[in-house]
Amino acid sequence: MEAIHERLLAWFDAHKRDLPWRGVGDPYAVWISEVMLQQTRAGSVVPYYRRWMERFPDVGALAGADLEEVLRLWRGLGYYARARNAHRCARQVRDGHGGVLPSSAAGLRALPGIGPYTAAAVASIAFGEAVPAVDGNVRRVVARLFDLPDPSLAEVRDRAAGLMDTARPGDFNEAMMELGATVCTPRSPKCGACPLAAGCRGRAAGTAAERPLRRRRRPVPTRTWDVQIAVSPRGRTLVVRRPREGLLGGMWEFPAVEVADGADRGGRPMKVAEPAAAVAELPPVTHRFSHFTAVYRPRRVEVAAEWGEAAGRWVTPSELADLPLPVAQQRIARAAGF
Ligand code: SF4
């Protein structure tokens, strides 16, 4: 029988999805696609990738861009730290590497925001380095192939390295990920359509669907914010910019104060001397972050005048549409009529 890598690559050649970053060979394009694909399905990434590559076709274009524009293009993809890190990384590559990405996994790993997975993916796909790239998909495939209940990252890497086709390391890594994304899926692996079924220990033992063991999710806390959409007589609204570092860093939002979970909404509006006319409570907007659930309680307040705000800006609806606003804030804006 053919070796595992031969069966895997024959399957990949015949069945791989047609994705715009495949086969381009440009390390920058591979890097950007890998950053976007973290935590995000390929189908959702495609339009973002296309827009990004049109606007930032190379490291120099990204490095020269304003962070706000970078975040705006990322708007809707979530996990914005990825965009901020890519921007910072591009600047370092421009300033410290002559605008050329390092060609080894070790060199890539030394850049800000590039972890072992991305470094290995870019080094293997763009530069042909025989280093396994291990994401959640690959870990699942390896755990099932070898019937390993809870393998460590190092063990998965070792096993994947042992299977690897050193002539086509990039294709091998992509094929493993593709198999995990489309055939060896988390809940119901399609073993009947799998090129590796004949040698799969998990399948033979009937344990495939339980490999790797799932860790119990810790319950995430809920945090609540009262949000104010102030609308001035000029039809503009006040937005403030978040600190550059941390959650949603550098993005814009409506002014908000965090309140105790379930607290009554009452009291005076924030920083408004006297509401000029209407005050409207809008339905709450809930957004799930990785480590907590945010509940935003928006209130639209028509105010008599615009006031100065150090971190803020009064914007028209079209200016608001151009700002990098997180998804939940976009929903709040729509509910408030912007
Ligand atoms: S045979 Fe089934 S469990 Fe094994 S690798 Fe293929 S899809 Fe996954």
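Below, the figures for the structure above:
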read-out: Radius ratio Rg over Rh of the chain, counting only Cα atoms, Kirkwood formula for Rh; value: 1.06
read-out: Radius 11 Å from Cβ of Y296, net charge of other residues (Lys, Arg +1; Asp, Glu -1); value: +1
read-out: Against the rule of thumb 2.2 N^0.38 Å, how large the Cα Rg of the range 21-62 comes out; value: 1.07
read-out: Highest-first arrangement of 230-239, 188-197, 115-124, where packing means the average Cβ count within 10 Å; value: 115-124, 230-239, 188-197
read-out: Accessible area per residue in Å² at 1.4 Å probe, computed on the chain; value: 48 Å²
read-out: Over the range 110-215, volume per residue of the alpha carbon convex hull, in Å³; value: 103 Å³
read-out: Separation of the E69 and A154 label points, Cα + 7 Å toward Cβ, nm; value: 4.6 nm
read-out: Distance between modelled label sites at Q38 and A311, nm, 7 Å Cα→Cβ extension; value: 2.5 nm
read-out: Ranked by how many other beta carbons lie within 10 Å on average, peptides 134-142, 241-249 from highest; value: 134-142, 241-249
read-out: Listed peptides 303-311, 65-73 by packing density, highest first (mean Cβ within 10 Å); value: 65-73, 303-311
read-out: Spin-label model distance (nm) - E210 vs R50, 7 Å beyond Cα toward Cβ; value: 4.5 nm
read-out: Computed FRET value (nearest 0.05) for E2 with F292, which takes r as the C-beta separation and R₀ as 41 Å; value: 0.25
read-out: In Hz, Karplus ³J(HN,Hα) per residue of the range 189-194 (6.51, -1.76, 1.60; θ = phi - 60°; x = Gly, Pro); value: x, 8, 4, x, 9, 9
read-out: Tail beyond 19 Å, pair distance distribution of the range 1-131 (Cα, percent); value: 50 percent
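The values are calculated or read from the model by the stated rules, or taken from the named source; none is laboratory data. Fair warning: this is a prediction, and the values are worked out from it, not measured in the lab. Cβ sites come from the backbone with ideal geometry, for glycine too, and all protein chains shown count toward neighbours. Accessible surface areas use protein heavy atoms only, side chains included; no ligands, DNA or RNA. Shrake-Rupley method; radii C 1.70, N 1.55, O 1.52, S 1.80 Å.
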